[in-house]
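K.L.:
I have a structure here, written as structure tokens, and I will follow up with some questions on it.
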Amino acid sequence: MLAALLAGTAFVSVLIARFGDRLGRRRSYRLLFIVMAGAGTVFALTDWLPALILAAFTGTVSTDVVESGPFTSLEQAMLPHAAADPTRLFGTYNTVATLAGSIGALIALAGSSAHWLLAYPVAAGAGLIASAGLSPAVERGEELGVEPLPPLHRSRGIVLRLSVLFALDSFGGGFVPQTFIAYLFVRKYGASPHTLAVVFFAIGILQALSFQGAVRLARRIGLLRTMVFTHLPSNLLLAAVAFAPNITTAITLLLARFLLSQADVPTRQAYVVAVVDPTERTAAAAYTNTARYATRPLAPLLAGVALRAGLGAPFVIAGALKSVYDLGLFALFRNVHAETERPGKPSTVG
């Protein structure tokens, strides 16, 4: 089932990249909400496997709170039209998503899985109503007199390089899902379920703070530097968790890691749509997101093998791979300025 969810997310994201702007961003967005309502209803009301696989393959039942497949790709393309400071808006957007996901998880614990899944059509209905008020300004740009162009034209090379790098980062992150973090803390340090619950709750709060801190830092040093200069130390902290002598040190390192690690999320999203033409934003967001979705599920399989070398091996591997991503990103893009950071243009982020 997880394979169908991930495959559907990647497949529908590619469809959005190819046809989202042709159909219209607002129309595509509303269509996703309609499909989401149907898919969530299927999951809530039946256990017939073919129907569940078909619903999963719609790509609208996400396994991630912050980056939810094709929805995120369209939102990334539309958000820059909504504010003079898109980085700040991306920070708020991710903070709201994280906090809403935490509340949803608490509600889900209080009810049955069927009742929780019925929240999908309810949320989809609310999204459908809210999306009706979207301004025509979020569309591709034809209303400004821009000639119809392919989904990607000027920025093919940029999007390809970013996709490869993001795939590497996501692959590295796949070595340390929450289940592996919990496994290390239980096996090595004897952590109790209560301790783990407190740690993961604290991680959610720190992620929200990280989003807001990223916005303020990006105004001072720019989007790319914020991405790299926060993410690289966080990966070193992640690797260091494997060598912590006791649970207190391990928790401290892990929390410090998450305080820094999520600063690259709003800045990455803002950077992707800022280094391409406005008419390429949907395709750029969708293709780079698809690269992340495609590689992440492979890593836990290899992480299971790495555990034979030691409980901390996945943490070291993840930290190393993600550090390579950071260094590669800085090397390849240090001279590629976001639109608002280019010399001679007014800057809102750098």
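The values are calculated or read from the model by the stated rules, or taken from the named source; none is laboratory data. Just so it is clear, the structure is predicted and the values come from calculations on it, not from any experiment. Note that we place each Cβ from the backbone using ideal geometry, even for glycine, and neighbour counts take in every protein chain shown. When the accessible area is computed, the model is the full protein with side chains, heavy atoms only, and any ligands, DNA or RNA have been set aside. Shrake-Rupley method; radii C 1.70, N 1.55, O 1.52, S 1.80 Å.
K.L.:
Can you find a residue in the stretch 279-302 that is in contact with a His (Cβ under 9 Å, 6 or more places away or on another chain) and among the polar types (S, T, N, Q)?
P.N.:
Within the stretch 279-302 (the criterion being in contact with a His (Cβ under 9 Å, 6 or more places away or on another chain) and among the polar types (S, T, N, Q)), the answer is yes, since at least one residue qualifies.
K.L.:
While we're on this one: Suppose we keep only residues that are in contact with a helix residue (DSSP H, G or I) (Cβ under 8 Å, 6 or more places away or on another chain) and open to solvent by 20 Å² or more (accessible area, probe 1.4 Å) within the stretch 141-151. Which one would you say is modelled with the lowest pLDDT?
P.N.:
Checking each candidate, the answer is Glu143.
K.L.:
Next up: Taking the stretch 17-50 only, how many residues are in contact with a Phe, Trp or Tyr (Cβ under 9 Å, 6 or more places away or on another chain) and among the hydrophobic types (A, V, I, L, M, F, W, C)?
P.N.:
9
K.L.:
Would you confirm whether or not the stretch 100-119 contains a residue that is at pLDDT 85 or above and either in contact with a helix residue (DSSP H, G or I) (Cβ under 8 Å, 6 or more places away or on another chain) or of a type in the set (Val, Ile, Thr) (or both)? Outline the logic, then answer.
P.N.:
Step one: of the stretch 100-119, the residues at pLDDT 85 or above are none.
There is no residue in the stretch 100-119 that is at pLDDT 85 or above and either in contact with a helix residue (DSSP H, G or I) (Cβ under 8 Å, 6 or more places away or on another chain) or of a type in the set (Val, Ile, Thr) (or both).
K.L.:
List the pairs whose first member sits in the stretch 79-104 and is under 14 Å from Val272 (Cα atoms) and touching a residue at least 40 places away in the same chain (Cβ under 8 Å), whose second member is open to solvent by 60 Å² or more (accessible area, probe 1.4 Å) and among the basic types (Lys, Arg), and whose Cβ atoms are under 8 Å apart, counting only residues at least 6 apart or on separate chains?
P.N.:
From residues that are under 14 Å from Val272 (Cα atoms) and touching a residue at least 40 places away in the same chain (Cβ under 8 Å), the pairs are Thr87/Arg219.
K.L.:
Could you pull out the residue among Gly59, Gly24 that is open to solvent by less than 20 Å² (accessible area, probe 1.4 Å) and in contact with a Ser or Thr (Cβ under 9 Å, 6 or more places away or on another chain)? So that I can check it myself, show each step before the final result.
P.N.:
Numbers: Gly24 fails: in contact with a Ser or Thr (Cβ under 9 Å, 6 or more places away or on another chain).
Every option except Gly59 fails the conditions.
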